[in-house]
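Have a look at the structure below, then the notes.
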Amino acid sequence: MTAMSYPPDHKAKTHARIIESAARSFRENGMLATGIDQLMADAGLTRGGFYAHFASKAALFAEVVRQTFVESTSNLFSRGLDKVRGPAWIVAATQRYLTAKHRDRPAEGCGIPALGAEIARSPDEVREAFGAEIEALLGLLAERGGMTHDEATTLLATWVGGLTIARGVADPAQSEAVLAACRAEIARRFGADPSPASARAVTPSNDQ
């Protein structure tokens, strides 16, 4: 029997498909709650192929962490925000991040609030990947917003903390109040206009 022939990029495309499937499942359901059988099935593959791509589930998780930062970076710095700088960028990025839509779609949103608790309990390889990505992101935030490293840390922590709390509370009004309070505090802290109209004037999209 002749062995099946695959195109040269087949393995790379399969690898990327597994990471994409895992990124959605981990953000929505958690890494521990997502079995290898399920995530491979979601990617249209069988369990047997998993270890041809990853040494362990932790190794996959580390790659998922890196991929979610690639997606978040694209959302925060491009897609209409490419040329925006300083306080104008801060308000636009904040209005894009701290939204009800982002709150309600964890599988498609920022990986930091969705995965943070599990990352903290993960092996060193996952936490080291996370730490490196956080530091790189803080550098980009500081440069784009005209901020110090500490100010960028404050901005990111407010985004992530606000979204996490807004997702956790059951009362919709309370959840919206958390998002609004964080937007207002960022505006006060960084001297930016907190109104949604200001953000829309910069970019037509506020999807995370």
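The values are calculated or read from the model by the stated rules, or taken from the named source; none is laboratory data. Quantities reported herein were computed from a predicted structural model and do not represent experimental measurements. Note that we place each Cβ from the backbone using ideal geometry, even for glycine, and neighbour counts take in every protein chain shown.
Results for (1) farther than 20 Å from residue 27 by Cβ; (2) in contact (Cβ under 8 Å) with a residue 40 or more places away in the chain; (3) polar (S, T, N, Q), shown as yes or no for each residue.
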position: 55; (1), (2), (3): yes, no, no
position: 73; (1), (2), (3): no, yes, yes
position: 90; (1), (2), (3): yes, yes, no
position: 99; (1), (2), (3): no, yes, yes
position: 108; (1), (2), (3): no, yes, no
position: 111; (1), (2), (3): no, yes, no
position: 119; (1), (2), (3): no, yes, no
position: 123; (1), (2), (3): no, yes, no
position: 127; (1), (2), (3): no, no, no
message = Anything in region 134-175 that is over 21 Å from residue 67 (Cβ atoms) and of a type in the set (Asp, Glu)? List them, or say none.
response = 143, 150, 151, 171
ask   = Which one of these does residue 50 not meet: (1) surrounded by 12 or more Cβ atoms within 10 Å (Cβ to Cβ); (2) more than 28 Å from residue 138 (Cα to Cα); (3) modelled with pLDDT under 85; (4) not polar (S, T, N, Q)?
value = (3)
ask   = Of the residues that sit in region 165-191 and are in contact with a helix residue (DSSP H, G or I) (Cβ under 9 Å, 6 or more places away or on another chain), loosely packed, with under 13 Cβ neighbours inside 10 Å and of a type in the set (Gly, Ala, Ser), which one is nearest to residue 114 (Cα to Cα)?
value = 168
message = Quick test of your reading of the structure: residue 66 fulfils all but one of (1) in contact (Cβ under 8 Å) with a residue 40 or more places away in the chain; (2) more than 30 Å from residue 12 (Cα to Cα); (3) of a type in the set (Lys, Arg). Name the failing condition by number.
response = (2)
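For region 71-86, state whether one or more residues are closer than 20 Å to residue 120 by Cα, modelled with pLDDT of 85 or more and either in contact with a Pro (Cβ under 6 Å, 6 or more places away or on another chain) or crowded, with 18+ Cβ neighbours inside 10 Å (or both).
Residues of region 71-86 that are closer than 20 Å to residue 120 by Cα, as a first pass: 72.
Then keep just the ones that are modelled with pLDDT of 85 or more; that gives 72.
Filter again for either in contact with a Pro (Cβ under 6 Å, 6 or more places away or on another chain) or crowded, with 18+ Cβ neighbours inside 10 Å (or both), leaving 72.
Yes - at least one qualifying residue is present in region 71-86.
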ask   = How many residues are without any contact (Cβ under 8 Å) to a residue 24 or more places away in the chain and not in a loop (DSSP other than H, G, I, E, B) when one looks only at region 26-51?
value = 11
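Taking region 92-116, which residues are within 16 Å of residue 66 (Cα to Cα), out of contact with any Pro (no Cβ under 9 Å at 6 or more places or on another chain) and of a type outside the set (Asp, Glu)? Talk me through it step by step, then tell me what you get.
Narrowing region 92-116 to residues within 16 Å of residue 66 (Cα to Cα): 107-116.
In the following step, the residues that additionally are out of contact with any Pro (no Cβ under 9 Å at 6 or more places or on another chain) were identified as 107-112, 115-116.
107, 109, 110, 111, 112, 115, 116 - these are the residues of region 92-116 that are within 16 Å of residue 66 (Cα to Cα), out of contact with any Pro (no Cβ under 9 Å at 6 or more places or on another chain) and of a type outside the set (Asp, Glu).
Please verify whether region 103-121 includes one or more residues that are part of a helix (DSSP H, G or I), of a type in the set (D, E, K, R) and over 20 Å from residue 179 (Cβ atoms).
Yes.
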